[in-house]
Amino acid sequence: MLSRVAESLFWMSRYFERAENTARFLDVNFNLLLDLDSITPVDHPNYWKPLIMVMADPEHFNSLYPEYDAHSVTDYLVFNRGNSNSILSSISMARENARSVIESISSEMWEQLNNLYHFLQSVSPQQVHSDPYTFYKEIKNASHLFQGITDNTFSHNEGWAFVQIGKYLERADNSARLIDVKYHMLTTSPARHSDLVSGSVDIIQWMAVLKSCSALEAFRKVYLSKIDPENILDFLILDRSFPRSITFSICAAQEALWRISGSSSHRYANNVDRLIGKMEAEMSYATVEEILQQGVRPFLEEIEQGLARIGEQLHLLYFAYHTPKIEPADISEALPFTGLDGRRANWSQSQQQQQ
């Protein structure tokens, strides 16, 4: 497979997954405020700031908007083309990647992606603010439909494997960021209410964390009605059967990489397989007690940094067909990143958009 085709398939999938995650976070946050409105004031910026911390660059946001509220955060994460992680930017870049390899994907995949792109062009900010539920449901359903179409109309060859790698690396990264930010804020924020109200607020907030990963119903089937931070960490980080847990995503990405390279659990063919195999082994033997002892934030930061290293090595091994010789001291500047949050961007597409 051509490196150009593999790279475009990878980023097409990754950008689509990013758009879905952003839509889900925003949708859950709107519903969270509705749930909390009757028991506590919900006009505090802290209800909106975590979305920017998870999905984008706070410094860039602060340079454009005076405060964190529903209108500013929605505009930045949905419509702002200057934000490379906004829904509009993500779908636009996914479409550009798909268009560049349109002969390699199925016509149904292109039609679904193109339809969503044109839907976003027709939606105004006023429509989103007046009916956010319908808008975000459209984005999430479009992503689920695209994934189903891909699995059922795209040959499960190397190209399909790169689609899976992009999806699961993005999913693991998003889950790690979400848990990092939300866990830190929920466990360090001072109580401002009575014990009864504080307990109710905490339960609703933790339920929102689960909903942000579409995990509430699956979690309850395992832990019944016990909403406990340690159980939530165990489920969202270490569960090997839930499709949006960090461990499941890493395992799925590893299997897709093995399909390409021929590696196995007993031998690795390249540095990408070595790095993701090492991460999978560490996740397999980790426990919640060890995570809490180490510190949730340091543990998740290690995961985020590990995923970034895997992305770098993946780029160098499979995609860097036109990369000039890079000295070791210059590699951090030469590899494509977007913003200050460590997210990789498709280099060729970002250059095209700047032009």
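Could you provide, to the nearest whole Å², the per residue accessible area of segment 1-154 with probe 1.4 Å? Working shown, then result.
Numbers: 6210 Å² over 154 residues.
On a per-residue basis, segment 1-154 sits at 40 Å².
Can you give the extra length, in nm with one decimal, that the chain gains between Asn231 and Asp151 once fully stretched, where that is 0.36 nm per residue apart less the Cα-Cα distance?
In short, 25.6 nm is gained.
Would segment 65-116 count as rounded, prolate or oblate if I go by the C-alpha gyration tensor, calling it rounded below 1.5 in a/c and otherwise prolate when a/b exceeds b/c, oblate otherwise? Intermediate results must be reported in sequence, preceding the final value.
Numbers: a/c = 5.93, a/b = 2.99, b/c = 1.99.
Prolate, since a/c reaches 1.5 and a/b exceeds b/c.
Please work out whether segment 108-150 counts as rounded, prolate or oblate from its C-alpha gyration tensor, where a ≥ b ≥ c are the square roots of the eigenvalues and a/c under 1.5 means rounded, while otherwise a/b larger than b/c means prolate and anything else oblate?
Details: a/c = 5.41, a/b = 1.80, b/c = 3.00.
Oblate, because a/c is 1.5 or more while a/b does not exceed b/c.
Work from the charge dipole of segment 1-154 (Cβ charges, +1 for Lys and Arg, -1 for Asp and Glu, about the Cα centre) and give the residue of Pro58, Phe30, Ser72 farthest towards its positive end.
Pro58
For segment 23-88, what's the radius of gyration and Dmax over Cα atoms, in angstrom?
11.7, 37
Over all distinct Cα pairs, what is the inverse of the mean 1/r for segment 1-154, reported as the Kirkwood hydrodynamic radius in Å?
Roughly 16.3 Å, rounded to one decimal.
Using the Cα gyration tensor of segment 129-285, with a ≥ b ≥ c the square roots of its eigenvalues, what is the shape: rounded (a/c below 1.5), prolate (a/b larger than b/c) or oblate (neither)?
It is oblate, given that a/c is not under 1.5 and a/b is not larger than b/c.
Sort 62-71, 144-153 for me by packing, meaning the mean count of neighbouring Cβ atoms within 10 Å per residue, highest on top.
Packing proxy ranking, top to bottom: 144-153, 62-71.
Zone of His44 (label point 7 Å along Cα→Cβ, backbone N under 16 Å): which residues in segment 166-189?
Zone members listed by number: 182-189.
Go through Met93, Met185 and list them by solvent-accessible area, largest first, probe radius 1.4 Å. Write down the numbers at each step before the final one.
Numbers: Met93 10, Met185 50 Å².
Most to least solvent-accessible, the answer reads Met185, Met93.
Measure off, as a whole percent, the carbon and sulfur share of the 1.4 Å-probe accessible area of segment 1-154, all protein chains present.
Details: 3160 of 6210 Å².
Answer for segment 1-154: carbon and sulfur cover 51 percent of the accessible area.
Under unit Cβ charges (Lys, Arg +1; Asp, Glu -1), what dipole magnitude, rounded to 20 debye, does segment 113-180 have relative to its Cα centre? Show your work: numbers first, answer last.
Values: 5 positive and 7 negative charges, 19 e Å.
Taking the Cα centre of segment 113-180 as origin, the dipole is about 100 debye.
Pick out, in residue order, every one of the GluC sites (Glu not before Pro) in segment 75-161 that is DSSP loop and has at most 14 other C-beta atoms within 10 Å; say none if there are none. Please report the intermediate quantities before stating the final value.
Values: sites: Glu96, Glu103, Glu108, Glu111, Glu138, Glu158; in loops: Glu103.
Within segment 75-161, the qualifying GluC sites (Glu not before Pro) (loop, at most 14 other Cβ atoms within 10 Å) are Glu103.
Which value in Å is the Kirkwood Rh of segment 197-314 over different Cα pairs?
After inverting the pairwise mean of 1/r, the radius is 15.5 Å.
Straight-line reach from Lys221: which lysines fall under 20 Å, measuring Cα to Cα and dropping same-chain residues less than 8 apart?
List returned: Lys211.
The values are calculated or read from the model by the stated rules, or taken from the named source; none is laboratory data. This one's a predicted model, so the numbers in the text were calculated from it and none came from an experiment. Every residue, glycine as well, gets a Cβ built from its backbone with ideal geometry; the counts of neighbours run over all protein chains shown. Heavy atoms of the whole protein, side chains included, go into the accessibility calculation; ligands, DNA and RNA do not. Shrake-Rupley method; radii C 1.70, N 1.55, O 1.52, S 1.80 Å.
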